[in-house]
Amino acid sequence: MARPRPEGSTGSAGSTGARSGSTGGAGTGAAGGSVPAPRPGGRAEARRAAQSKGRGGQGGQGGDGGSNGQGHRRSGGRGKKPRRNVKKVVGWTAVGALVLIAGTGGAIYYKLNGNIKTIDSDALSKDRPPEAEADANGNKPVNILLIGSDSRGGDNSDLGGGDSEGARSDTTILLHVYADHKNAIGVSIPRNTLVTIPPCKLPNGKWTKEQKGKDVLFNAAFTVGGSPDGNPACTQNTLEKLTGIRVDHTIVVDFQGFSAMTKAVGGVDVCLPKDIYEKDLNEKLPAKGALVLKKGPQKVEGQQALDYVRLRHGIGDGSDIGRMKRQQAFMGSMISTVKKKGLEPTTLLPLADAATKSLRVDEGLGSVDKLMSFALSLKNIDLHDLKFVTPPWRYNEANLDLVKPDVDKLWEAIRADRTLDGKDATGQQPDAPATPAAPATPEAPPTTTAAATKTAAAAPVPAIKVFNGTTANGLGAKAGEALKAAQFTVASVGQAKSTNKLTTSIEYGAGQKANAEKVAELFPGATLAPTSAPGISVVLGKDYADANGTTAPGASAAPAAPAPLPPSVTEDARSADDDICANTSYGSGG
């Protein structure tokens, strides 16, 4: 697999500019399509000939001269007029670059597209959590696995230091984008968490056996197979087994790519509680060494940015927990930096070049179009609504266990698309005006004729469809039995598109209001909702699950409103707009 080129040869902005310069001059009109070459003959040619004669044929020699007279235009006098055209060309080039990146085609687009490397989807487990369901409004959450690789291969060895072979996952974050696409949460997974690693595919095509025990750590999944590029599919398989959350996309970035991206945005604001010296970064050094990062707020990029996010010793207790806190602060600050800069070409082009060169992504993000579409889908997330958390943990000798049941409640909340404060972020309002008791379409006015009354009363009761709008097991079957016991016919029992419904609703088609009211008597608190579909449907909510004591997987009950997450999850949560100097270490000492 191709590796990113060294930073010295990347030259995102510079190389792009060089190419623009080479296509300028005689070829600018052809390349840009906006400055046509002058037609032969006529007054324009006579004027150029007269100018050349009057100046003694200057410019006839040399690479920039020649018979086309470009040498004259560069040497004062009448050269000022064409310079205004050059400014226009430069301006349109900048605008055009943005258009090209947006996916309309062109050299820059194809260059960026060619940078992207993809991950083999055949290595994913066959036993995976189910995909998230879209809610009633078609909104769907997205889960992204972000992996920072500490591979020392290629150009990464100079940045990462050390002599380790292969690659490990230095940083792993599960980013959950809620279905409303206005909230997101990033969960940092400690790399020394004790886990079970499920069967994973090796480079030779064979699959490993499941690994578990006191020496099986989360970041070991990335090393399975010993590839210098790591095994992101194995990390994904392990995370899905650990959380029960299906990962939609995986993104891997290495040292070189991280360094290049921080340079592309002009540096990132960070803060440290104390000075950091060379020995803090490498304990093997015999002396304290030089100052690497100063105490307090500062802007870092390249190697210094990498030192900041990888730093463990010299601050707090030297654990990975403190490092994750700094990584969370850094991500929030970097996102804030990009948002402030906006779509400036001088920022966007180098960042796009650095990112596409350094990322390995799943096939679902394997093109500029797909990456751009995904990035644009996140534009409405406010910095304050992007949260970072660390799952509840405790020491198990030198390693970590995730604390149950607290951590299970975190995974459940994410699966249910609930924010840290319990808000439903599916994009579906909790049984809002979509299911009013009053009909959306006015009923026909009552008639006083006996015939009409008899007809309405005699309307046949259709077979009823039952849909479970929760995650509670067996809820639909329980409702079906209740309907049968009341002498109703049940057509089918199935799962609703959304599993976040709070209140049960009885949906009815034309002429079925009276029968729907009879059905509603079996479901206290249910609302009536007229629809264009024929017949009657019962969509069960969490109120029915709560009343019947039906349990959801991994939970004691399915309450109408979820209980708040425990403090072990929420108390150290960080927003992307938090003070960069706050909460950047863990423990004492150092």
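The values are calculated or read from the model by the stated rules, or taken from the named source; none is laboratory data. What you see is a predicted model; the values in this text were computed from it and never measured. We place every Cβ from the backbone using ideal geometry, glycine too, and count neighbours over all the protein chains shown. Note: areas computed on protein heavy atoms with side chains; ligands, DNA, RNA excluded. Shrake-Rupley method; radii C 1.70, N 1.55, O 1.52, S 1.80 Å.
Here are the criteria: (1) more than 22 Å from I251 (Cα to Cα); (2) open to solvent by less than 40 Å² (accessible area, probe 1.4 Å); (3) of a type outside the set (S, T, N, Q); (4) in contact with a Pro (Cβ under 8 Å, 6 or more places away or on another chain). Tell me which single one V300 does not satisfy.
The one condition V300 does not meet is (4).
Could you give me the residue pairs with C-beta distances under 6 Å whose first residue belongs to segment 318-339 and is farther than 17 Å from D385 by Cβ and among the hydrophobic types (A, V, I, L, M, F, W, C), whose second residue is open to solvent by less than 20 Å² (accessible area, probe 1.4 Å) and part of a helix (DSSP H, G or I) wherever it lies, and which are 6+ apart or on separate chains?
Listed pairs, sorted by first residue: F330/V309.
Scan (1) among the polar types (S, T, N, Q); (2) touching a Leu at 6+ places or on another chain (Cβ under 7 Å); (3) free of Cβ contacts under 8 Å to residues at least 60 places away in the same chain for the single condition Q298 breaks and write down its number.
(2)
Just checking, how many residues over segment 377-395 are among the hydrophobic types (A, V, I, L, M, F, W, C), within 27 Å of L124 (Cα to Cα) and out of contact with any Ser or Thr (no Cβ under 8 Å at 6 or more places or on another chain)?
Number of matching residues: 1.
Quick grid of which residues meet (1) at pLDDT 85 or above; (2) in contact with a Lys or Arg (Cβ under 6 Å, 6 or more places away or on another chain); (3) part of a helix (DSSP H, G or I):
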site	(1), (2), (3)
K288	yes, yes, no
V292	yes, no, no
P297	yes, no, no
Y308	yes, no, yes
K325	yes, no, yes
K339	no, no, yes
M372	no, no, yes
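Would you confirm, using the coordinates I've provided, whether G213 is closer than 27 Å to N115 by Cβ and surrounded by fewer than 18 Cβ atoms within 10 Å (Cβ to Cβ)? Steps first, answer last, please.
Working: closer than 27 Å to N115 by Cβ: no; surrounded by fewer than 18 Cβ atoms within 10 Å (Cβ to Cβ): yes.
Considered against the rule, which asks whether it is closer than 27 Å to N115 by Cβ and surrounded by fewer than 18 Cβ atoms within 10 Å (Cβ to Cβ), G213 comes out as no.
Within segment 159-176, count every residue that is at pLDDT 75 or above and touching an Asp or Glu at 6+ places or on another chain (Cβ under 9 Å). Can you show your working first?
Taking segment 159-176 as the starting set, the residues that turn out to be at pLDDT 75 or above are 171-176.
Next cut, touching an Asp or Glu at 6+ places or on another chain (Cβ under 9 Å) only: 171, 176.
So the count comes out to 2.
For the structure I just gave you, tell me whether D424 is buried (at least 16 other Cβ atoms within 10 Å of the Cβ) and either of a type outside the set (S, T, Y) or modelled with pLDDT of 90 or more (or both). Lay out the reasoning, then the answer.
On the way: buried (at least 16 other Cβ atoms within 10 Å of the Cβ): yes; either of a type outside the set (S, T, Y) or modelled with pLDDT of 90 or more (or both): yes.
For D424, the condition - buried (at least 16 other Cβ atoms within 10 Å of the Cβ) and either of a type outside the set (S, T, Y) or modelled with pLDDT of 90 or more (or both) - is met.
This table checks each residue for (1) buried (at least 20 other Cβ atoms within 10 Å of the Cβ); (2) among the acidic types (D, E); (3) in contact (Cβ under 8 Å) with a residue 24 or more places away in the chain.
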site	(1), (2), (3)
A491	no, no, yes
T499	yes, no, yes
E517	no, yes, no
S537	yes, no, yes
Y544	yes, no, yes
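Out of segment 259-286, which residues are touching a strand residue (DSSP E or B) at 6+ places or on another chain (Cβ under 7 Å) and either part of a loop (DSSP other than H, G, I, E, B) or farther than 20 Å from G587 by Cα (or both)? Steps first, please.
Taking segment 259-286 first, the residues touching a strand residue (DSSP E or B) at 6+ places or on another chain (Cβ under 7 Å) are 262, 267-272, 275-278, 281.
Residues satisfying the conditions are T262, G267, V268, D269, D275, E278.
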